[in-house]
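Below you'll find the structure, written out as structure tokens, and then a few comments.
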Amino acid sequence: MKTINLTVKGMTCGNCVKHVDHAIRSISGVQQVDIDLKSAIAVVQSSEEATSALIIKALNEAGYPSMEIGPEVKTSLANKSCCMGESNCCN
Ligand SMILES: [Cu+2]
């Protein structure tokens, strides 16, 4: 098992989170996906089979450009999303 941390652009509501979750889980080898909407970060637990390149490609195709980040970037990105948990910001 390994952990892949990603920033995901374009998530503005719970539906986006579902789409991103679904896109990531479609990659074989992915075991668990945790997505934080506010900080625009997805944390993926997977086997070696699932690479960050495959996940990023799937997310790009789903319309959510993403980038792999190290675990240390997580905190500095917190609270920088435009939406901050509002429910209707996806228009
Ligand atoms: Cu949305």
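Are any of the residues in the stretch 59-81 at positive phi, modelled with pLDDT under 95 and not in a strand (DSSP E or B)?
yes
Among the residues of the stretch 22-42 satisfying the criterion of being farther than 20 Å from PRO71 by Cβ and within 12 Å of the chain's Cα centre (by Cα), which is surrounded by the fewest Cβ atoms within 10 Å (Cβ to Cβ)?
HIS22
Output the residues belonging to the stretch 9-34 that are aliphatic (A, V, I, L, M) and within 12 Å of the ligand (Cβ to nearest atom).
Correct list: MET11, VAL17, VAL20.
The values are calculated or read from the model by the stated rules, or taken from the named source; none is laboratory data. Bear in mind that the values here come from a model prediction, so they are computed numbers and not experimental data. Reconstructed Cβ throughout: ideal geometry from the backbone, glycine too, with neighbour counts over all protein chains shown.
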